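Chemist: Can you keep this structure in mind? I'll have questions shortly.
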Amino acid sequence: MYSTAQRYSAEFIGTAFLLATVVGSGIMAENLSQGNTALALLGNTIPTGAILVVLITMFGPVSGAHFNPAVTLVFFLRKELSALDSAAYVALQVAGGLAGAAAAHIMFEMEVIQASTNHRTGSAQWFSEWVAAFGLVLTILMVLQVRKGAVAMAVGLYITAAYWFTASTSFANPAVTIARSFTDTFSGIFPTHAPAFIAAQLAGALCALGTCTMLLPKKDSQNRESVSS
């Protein structure tokens with residue numbers, strides 16, 4: 001059993017490494033791609049998907065490896081996380097995300113505190129974020145039901161795919177969105193455009209929860225089936 005301090009630390013460190021990867025790989029990809037946006041996006045995508053597999057594998061047993069306020073909200077609504085733990089997770093995810101973005105800036109000898117000028121707005125972008133978050137939460141909840149050990153790989157592969165099939169490049173995470181508004185690099189988002197992204201992400205996550213509630217058997221019926229068998 002992990003202590004509260006261990007679980008909270010895992011959420012902070014995991015989200016920090018996630019953002020260091022998202023922002024850092026974006027900077028590296030943009031530097032090396034010589035203006036080829038598709039190549040830069042690919043260079044941003046692969047490290048992000050890869051680090052998610054690593055981080056969820058490492059920290060999943062400790063904290064659940066949420067690294068995402070939308071995911072934490074879903075597990076709170078499923079009564080698998082207390083209100084206090086949920087609030088702490090969200091605060092630490094946001095703080096970890098900001099720390100990770102700052103770390104990426106330091107590694108590439110850039111200004112530590114920045115504000116993005118990368119405009120990402122409009123109905124297509126917002127719907128993309130709804131789809132991205134819906135698919136992410138659906139992936140987590142459905143895979144947890146059938147093969148818990150496959151969640152890390154499933155999430156990493158889903159985000160890798162969603163970078164390319166969504167117009168927004170699949171932020172799918174309010175903590176990531178906040179942190180990316182503080183980097184004026186390839187992965188950034190203009191700060192005033194972030195709230196609409198976050199609203200769409202939360203809506204997508206809640207819709208995914210409702211969908212899984214409809215699709216998955218209730219715990220009581222599962223228990224009856226196991227007893228009868």
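The values are calculated or read from the model by the stated rules, or taken from the named source; none is laboratory data. Since this is a predicted model, take the numbers as computed values, not measurements. When we count neighbours, we look across all protein chains shown, and the Cβ atoms used for this are built from the backbone with ideal geometry, even at glycine. Areas reflect the complete protein model, heavy atoms only, side chains present, ligands, DNA and RNA absent. Shrake-Rupley method; radii C 1.70, N 1.55, O 1.52, S 1.80 Å.
Chemist: Packing-wise, with mean Cβ within 10 Å as the measure, how do 171-183, 10-22 rank, highest first?
Modeler: Values: 171-183: 28.3, 10-22: 25.8.
Taking the mean over residues of other Cβ atoms within 10 Å, the ranking is 171-183, 10-22.
Chemist: To continue, here is another question. Average projected area of the Cα convex hull of the range 100-195, in nm²?
Modeler: The directionally averaged projection comes out at 6.6 nm².
Chemist: How far is it, in nm, from the label point at T121 to the one at K218 when both lie 7 Å from their Cα along the line to the Cβ?
Modeler: It is 4.5 nm.
Chemist: Another question, then. Run the accessible area of the range 103-218 with a 1.4 Å probe and give the carbon-and-sulfur part as a rounded percent.
Modeler: On the way: 3790 of 5330 Å².
Of the solvent-accessible surface of the range 103-218, carbon and sulfur hold 71 percent.
Chemist: Pull out a ≥ b ≥ c, the square roots of the eigenvalues of the alpha-carbon gyration tensor of the range 68-134, then state rounded if a/c is under 1.5, prolate if not and a/b is larger than b/c, and oblate in the remaining case.
Modeler: Details: a/c = 3.52, a/b = 1.31, b/c = 2.70.
Oblate shape, in that a/c is at least 1.5 and b/c is the bigger or equal ratio.
Chemist: Another one. Taking the range 157-224, how much of its Cα-Cα pair set, in percent, is spaced more than 20 angstrom apart?
Modeler: 43
Chemist: Give the calculated FRET efficiency between A199 and M1 to the nearest 0.05, with a Förster radius of 41 Å applied to their Cβ-Cβ distance. The partial results should precede the final answer.
Modeler: Numbers: r = 36 Å, r/R0 = 0.88.
Between A199 and M1 the formula returns 0.70.
Chemist: Expected output is a single nm value to one decimal: the length gained when fully extending between A83 and L42, i.e. 0.36 nm times separation in residues minus the C-alpha distance. What is it? Could you put the intermediate results ahead of the total?
Modeler: Numbers: separation 41, 0.36 × 41 = 14.76 nm, distance 3.80 nm.
Between A83 and L42, full extension yields 11.0 nm more.
Chemist: Can you give the calculated 222 nm mean residue ellipticity of the chain, where each DSSP H run of n ≥ 4 adds -39,500 (n - 2.57) and the sum is split over every residue, rounded to the nearest 500 deg cm²/dmol?
Modeler: Computed ellipticity for the chain at 222 nm equals -25000 deg cm²/dmol.
Chemist: For T192 and N31, compute 0.36 nm times the residue count separating them, minus their Cα-Cα distance, and round to one decimal in nm. The partial results should precede the final answer.
Modeler: On the way: separation 161, 0.36 × 161 = 57.96 nm, distance 2.62 nm.
55.3 nm is the gain from fully extending T192 to N31.
Chemist: Could I ask something else about it? Can you give the Kirkwood hydrodynamic radius of the range 112-152 from its Cα pairs, in Å with one decimal?
Modeler: Here the Kirkwood hydrodynamic radius works out to 12.7 Å.
Chemist: Any chance you could look up the accessible area of Y158 with a 1.4 Å probe, heavy atoms only, rounded to 10 Å²?
Modeler: 40
Chemist: Something else about it: If you wrap a convex hull around the alpha carbons of the range 4-113, what volume per residue comes out, as a whole number of Å³?
Modeler: 102
Chemist: Now for a different question. Dividing the alpha-carbon radius of gyration of the chain by 2.2 N^0.38 Å (N being the number of residues), what value is obtained?
Modeler: Normalised Rg, Cα atoms only: 1.01.
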